[in-house]
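Colleague: This is the structure I have questions about; it appears just below.
Here, each number is a calculation from the coordinates, and none is a lab measurement. As the structure is a prediction and not an experimental result, all values here were calculated from the model. Here the Cβ is made from the backbone with ideal geometry for all residues, glycine too, and neighbour counts use every protein chain on show.
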Amino acid sequence: MASFLPNLRRSLSRLLIVLSAFAVLVIGTPAQAASWDAETLTVPADAEGSPVTFTEQQVKAGRKVFNTSCGTCHAGGITKTNHNVGLDPETLALATPARDNVAALVDYLQDPTSYDGEYSIADLHPSMRSRDLYPAMRDLTDEDLRLMSAYILVAPKVLGQEWGGGKIYF
């Protein structure tokens, strides 16, 4: 009986992860059918604002990686563990350093810091630095991180306020 409860809890936790990812895919898919023009697919590549344009296929690949690796805690661009810090453009821009470009998001995914940039949170947030603790990060490449960052930056252009809208939309 003592080993039954931890096994049940682990099984329920895995089921919740799968259901969350499935819900994000089902709910997110119709909205993704919106305009995929060059303006929508162009995002800042770096802190200087140099533009980079991704293809629709790249953004969709980034969405798949995001939903698999990050969707459990960041479904729809929110942060379930802290609703005050989402993945919407305003919140990303106000972080220190600003995380509103591809290079900065990749940097964060490699070695995350607190919102004010004061200290590392690699032990608390999945990252490449702590991939031994977070299985979802183990097989990700730099290109996966880049595509995931593209999705994070393109999603608000497609979904509008629903991306990062938190409790309002969920």
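Colleague: Please list, in order along region 67-79, the HN-Hα scalar couplings obtained from phi with the Karplus expression 6.51 cos²θ - 1.76 cosθ + 1.60 (θ = phi - 60°), rounded to whole Hz, x for Gly and Pro.
Modeller: For region 67-79, the Karplus curve yields 4, 6, 8, 10, x, 4, 9, 10, 4, x, x, 8, 10 Hz.
Colleague: So how do 122-135, 45-58, 149-162 stack up, highest first, on mean other-Cβ count within 10 Å?
Modeller: Output ranking for 122-135, 45-58, 149-162: 149-162, 122-135, 45-58.
Colleague: Counting only residues 5 or more places away or on other chains, whose amide H sits under 5 Å from the amide H of Val52 once H atoms are built in the peptide plane?
Modeller: Hits under the 5 Å cutoff: Val43, Ala45.
Colleague: In nm, to one decimal, how far is the Tyr119 label point from the Arg131 one, both placed 7 Å along Cα→Cβ?
Modeller: 2.6 nm
Colleague: How much net charge surrounds Met128 when only other residues with a Cβ under 14 Å from its Cβ are counted (Lys, Arg +1; Asp, Glu -1)?
Modeller: Net charge around Met128: -4.
Colleague: Starting at the first residue of region 157-162, write each ³J(HN,Hα) from the Karplus equation 6.51 cos²θ - 1.76 cosθ + 1.60 with θ = phi - 60°, in whole Hz, x for Gly and Pro.
Modeller: With coefficients 6.51, -1.76 and 1.60, one gets 6, 8, 8, x, 5, 5 Hz.
Colleague: Can you classify region 40-170 as rounded, prolate or oblate using the Cα gyration tensor, where a ≥ b ≥ c are the square roots of its eigenvalues, rounded means a/c under 1.5, and otherwise it's prolate if a/b beats b/c and oblate if not?
Modeller: Taking the square roots of the gyration eigenvalues as a ≥ b ≥ c, region 40-170 is rounded.
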